[in-house]
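The values are calculated or read from the model by the stated rules, or taken from the named source; none is laboratory data. Computed from a prediction, not measured in an experiment: that's the story for all the values here. When we count neighbours, we look across all protein chains shown, and the Cβ atoms used for this are built from the backbone with ideal geometry, even at glycine. SASA here: full protein model, heavy atoms, side chains in, ligands and nucleic acids out. Shrake-Rupley method; radii C 1.70, N 1.55, O 1.52, S 1.80 Å.
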Amino acid sequence: MCDNCQEKELELNIDAQCSLYHVNKPYQYVGGEHLSVNKDWESTSVRIAFAFPDKYEIAISNLGQRILYGDVNRHEDFLADRVYAPDFDYRQILKDKKIPLYSLEAKKELKKFDMIGFSAQYELAYPTMLEMLNLAEIGVKRSERCDDDPIIIVGGPCSYNPKPMSDFIDLFMIGDGEDLIIEMMSLYKELKSKNLNRHDIIVALAGLEGVYSPELNNKTRKRIVQLDNDNPPVTNPIPYSSSVHDRAVIEIRRGCGRMCRFCQPGHVTLPIRERKAEDIIDLVKKTVKQTGYNEYSLLSLSSNDYTNIEEVIEELSCELNEKKVSASLPSQRIDKYSAKLAHLVQGVRKSTVTLAPEAGSQRLRNVINKNLTEDQILDTIFTCYKNGFTSVKLYFILGLPTETYEDLDEMAELLTKIKYRSKLLRNELGLKDVIKITCTISIFVPKPFTPFQWHSQDSEETIKNKINYLLEKTKHLKGVKINYHTRFVSKVEAALTRGDESLCEFIYQLYKSGAYMTTWDENIDFEQWNNLSAKCNISLDELAQRQYDLDEELPWDVIDVGINKDWFKAEYKKAMNAENTIPCEFKCVNCGVCKNFKVHKVVDEKYVPKLKMIEATEQKEPHKYRIKLSKENNLRYLSHLDWQNTLIKALFRSGLDLVFSQGFNPTPKISLGIALPIFVESSCEMIDIDVYNDVSEAEMCDLMTKALPNSIKVLDVKKVNKDVLSIDIIAQWALYEVEPLKKGVLKSEELLYIRDKISSDDELIIEKKNKKGITKLVNIKPSIKSVDVVEDKIQLVLKVGQNADLPSVKADVVLKMFRPEIEFKIKRTKFFDENLNEI
């Protein structure tokens, strides 16, 4: 074993815990979320860490990682853990304190795992992937790794062109990963038991269908699986905070038959495979029940193309609407949108509807094979408007092949028609709100395995001129907002997505120069990227604007997605002539995937809903319960908002008949009492909930215990009068126990000195900002009722609550007046009313 491969046991020791007091959103780094899997490390033989090169809020929502995490952990002998890219603040702390990047569940160094599986969703994440390897003290380049290093694997959309990352990644997973990841881990276990070295194991794994090795450069066919009920993640880790897609997700369909010529996912995921309606309904109910989300998303590349989309939502609405659980369709075809679907989707809460015309002119929609007319666009938007959707998001692509300024004129004219006709409709029907249109303009990026894979991207200057032209054409339209993607970022994406091995050095230099979290535009230094590309003798402009010849070899030809290259060529030629192709949705287009891979399209049979909506007529009587909870250990890293989010999800999981607020977005009627500051524990948190259930206190305790994460304990339940004052009004004082986080940094006599100073000083002055941001000097001495030292802990009774002449004060603020350099462990243990009677 080389010196660099010496294993070091990693725990979240006191130094690491102290570090978390200095980062934003520390919950990202401690794990333990509800429904996370915490397997015993020693009892498993093969371990993989699924790594996502982006922020926690993005990463934890990724469906692909959820699926694989669940699949692996269902195998008794395999362990799957998670790791996400640390934000800038914690990344620096890991470097400064020489803490190797670790997994969330096991708290093990990534270097200890057998495999690390990156999800590559976006080319701009490449430098972040390399930095994560560096933080884990694993060789960034394949050539730098030794025999004890884990095997580095990449899956996801970017795997369809593995060349730009070929210097860094050992193996790429191509296509569907559900079966493949289990086969890889099973083979790894077998080969490891035979004492094969790392190189030979990699070579053997590359022999599996769907695995590409940069070293072997082996021609690789993608993997295809059928959708079944063995792999949907109904119990994925639930973040304490709100994630970017904070909802239950059920994949209803894989593959898209629309054959839009710019769309890579629509081609590489063929053939179409639909899940049965009965299975979807069952999975949604299970997932909502297990996770506690109040929204479910029926996911596919084109969700309302699913055969039984209306029937599925109709049946689910019969049961879930009353529970205030709403439906979300993230990607919808305009020509399949109906008044009935609009009504079903907005059954609980109205939201913005998102539609994608992609191009503003009919000619250009023919070029991209959108199979969509202007009348269909207008009819769908006005159907949404009449059904209560007053905010509409429209997605367009700028710089599509053959685009002219006349096409932009027609896009502006389309927006004008929407505004003008919606005004007429509003007057005719007496609608209250004006329709608001938000247009998001992305920039065309030619992608591998699309008919446009050969075509160039417009130059930055051309795109700039087109954007300015469109903005000028639409500036008179009130209620129309136009957002557009960054030109430079789209150029880099075009250069990377169609690049070859020559880009490896550029990506490496980006990582070495500190490029990180570059999926976010604000983290890209444009000048740095241009300078590094020049240093590496490449031109991002030339790569992005390159026009490939139809007969030349392409870097990604080593991957076989099943579609014949000649078919792509024929589609490209039809595009140049603005000719449509009838989608495979309606008729076989002979692309080759079914014949070449011996598969076929799977479409569900027509489904008849078994349940019908019934209007509730029963007048129910609400009941109020006061529940006392613990919030300890890793829960101290949660903000008050995160705590609220966690408790509301638990209430949805509990099965209780909740009382909801009225209005646009109904929420459970819950009072959380006195907000607990971050980094403070508690054994006396109280919440009031209103429910229609009339159950005993013991039954309520049992229901809440089962629904809450294991880390939260129910300490007491009382049924109270529905008119009782809330905790945040009753509670006026609270007892806190305080001790240093690090043992031994304060001696007993120092604690006594702090006690005596607090007791004897007439004034304790701090600076405090008011709501207007003005700093004032405040005397907090009257807000400290008592102070004592018991068993080397300082006990403080401090002012809390509202509607009082005295200001509330935090325990850490008091202690930091005397020892600002020390991190304290603080615990709230009791509440008192104004007369100091314990609540």
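List of remarks:
- Relative contact order %, the chain, counting alpha carbon pairs below 8 Å whose residues are six or more apart: 12 percent
- Potential lengthening of the chain between L725 and R819 amounts to 30.0 nm, from the contour at 0.36 nm per residue minus the alpha-carbon distance.
- Stretched out straight at 0.36 nm per residue, the stretch from H476 to V608 would grow longer than its current Cα-Cα span by 42.7 nm.
- For segment 773-839, averaging the sequence separation of C-alpha pairs within contact (under 8 Å, six or more residues apart) and dividing by the residue count gives a relative contact order of 18 percent.
- Cα-derived Rg to Rh of segment 223-319, Kirkwood definition: 0.98
- Cα long-axis angle, helix 126-135 against the chain (0 to 90 degrees, to the nearest 10): 40 degrees
- 10 Å binning of all Cα-Cα separations within segment 27-69, expressed as whole percents from 0 upward: 21, 57, 22, 1
- Each principal axis of segment 420-548 carries a Cα extent, and these read 62, 33, 25 Å when sorted largest first.
- Accessible surface of S539 - all protein chains present, 1.4 Å probe, nearest 10 Å²: 40 Å²
- Label zone at L741 (point 7 Å along Cα-to-Cβ), backbone N below 16 Å, segment 99-135: 99
- Net charge dipole size for segment 688-738 [Lys, Arg +1 and Asp, Glu -1 on Cβ; Debye, nearest 20]: 100 debye
- Taking the C-alpha atoms only, the angle from helix 487-497 to the longest principal axis of the chain is near 70 degrees.
- Figure note: Y212, Y420 ranked by solvent-accessible area, largest first, 1.4 Å probe, ligands and nucleic acids not counted: Y420, Y212.
- Per the Debye calculation on segment 792-839 with a single equal scatterer at every Cα and no solvent contribution, log₁₀ I(q)/I(0) for q = 0.18, 0.21, 0.25 Å⁻¹ amounts to -0.66, -0.85, -1.06.
- Angle of helix 748-760 to the longest C-alpha principal axis of the chain, folded into 0 to 90 degrees and rounded to 10: 70°.
- Simple spin-label estimate for K587 and L806 gives 8.2 nm between the two label positions (7 Å along the Cα-to-Cβ direction from each Cα).
- Of the residues M165, I153, S186, the one whose Cα sits farthest toward the positive end of the charge dipole of segment 143-186, with +1 on the Cβ of Lys and Arg and -1 on the Cβ of Asp and Glu, is M165.
- Cα gyration tensor shape of segment 417-478, rounded if a/c is under 1.5, else prolate or oblate by comparing a/b with b/c: prolate
- For T518, the residues whose amide H sits under 5 Å from its own are T128, ignoring neighbours fewer than 5 places away on the same chain, with H placed 1.01 Å from N.
- Working ranking of peptides 367-380, 619-632 by packing, defined as the average number of other Cβ atoms within 10 Å per residue, highest first, is 367-380, 619-632.
- Listed values [x] 28.2; [y] 29.8; [z] 32.0, entry calculated as Kirkwood radius over Cα pairs in Å: [y]
- Coupling constants for segment 140-146 follow from the phi torsions by the Karplus curve (6.51 cos²θ - 1.76 cosθ + 1.60, θ = phi - 60°), and in residue order they are 6, 8, 4, 5, 8, 8, 10 Hz; glycine and proline get x.
- Phi angles of segment 96-109 translate, via the Karplus equation with coefficients 6.51, -1.76, 1.60 and θ = phi - 60°, into HN-Hα couplings of 4, 8, 6, 9, x, 4, 10, 7, 6, 7, 7, 6, 9, 4 Hz per residue; Gly and Pro are given as x.
- Efficiency of FRET between N523 and N218 - r from beta-carbon atoms, R0 56 angstrom, step 0.05: 0.95
- For the chain: accessible area per residue (Å², 1.4 Å): 42 Å²
- Signed unit charges on C-beta, dipole axis of segment 227-333, positive-most listed residue P265, S302, I280: P265
- Helical content alone sets the calculated 222 nm signal of the chain at -9500 deg cm²/dmol, taking -39,500 (n - 2.57) per DSSP H segment of four or more residues and averaging over every residue.
- Dipole moment magnitude, nearest 20 debye, segment 351-485 about Cα centre, only Lys, Arg, Asp, Glu C-beta charged: 640 debye
- When the Cα positions of L735, F88, L355 are compared along the charge dipole of the chain, L355 comes out farthest toward the positive end, with charges on each C-beta of Lys, Arg, Asp and Glu.
- For V154, the amide hydrogen comes within under 5 Å of the amide hydrogens of F118, L171, F172, M173, counting only partners 5 or more places away or on other chains and with H modelled in the peptide plane.
- Amide H contacts of S391 (H built 1.01 Å from N, under 5 Å, at least 5 apart or other chain): V353, K436
- Net length gained if the chain between K189 and A204 were fully extended (0.36 nm per residue, minus Cα distance): 4.2 nm
- Report note on the peptides 166-176, 695-705: ranked by the mean count of other C-beta atoms within 10 Å, highest first, their order is 166-176, 695-705.
- Taking label points 7 Å from Cα along the Cα-to-Cβ direction, L425 and C18 give a separation of 6.2 nm.
- Summing Cβ point charges (Lys, Arg +1; Asp, Glu -1) relative to the Cα centre of the chain gives a dipole of roughly 1900 debye.
- Coupling constants for segment 455-461 follow from the phi torsions by the Karplus curve (6.51 cos²θ - 1.76 cosθ + 1.60, θ = phi - 60°), and in residue order they are 7, 7, 9, 4, 5, 4, 5 Hz; glycine and proline get x.
- Percentage of interatomic Cα-Cα distances in segment 303-404 larger than 16 Å: 59 percent
- Each residue was assigned an accessible area with a 1.4 Å probe, and for D40 the value is about 90 Å².
- Separation of alpha-carbon centers, segment 813-839 and segment 657-702, rounded to whole Å: 24 Å
- Simple spin-label estimate for N633 and K793 gives 1.7 nm between the two label positions (7 Å along the Cα-to-Cβ direction from each Cα).
- Highest mean packing first, where packing is the average number of other Cβ atoms within 10 Å per residue, the peptides 664-674, 304-314, 729-739 line up as 304-314, 729-739, 664-674.
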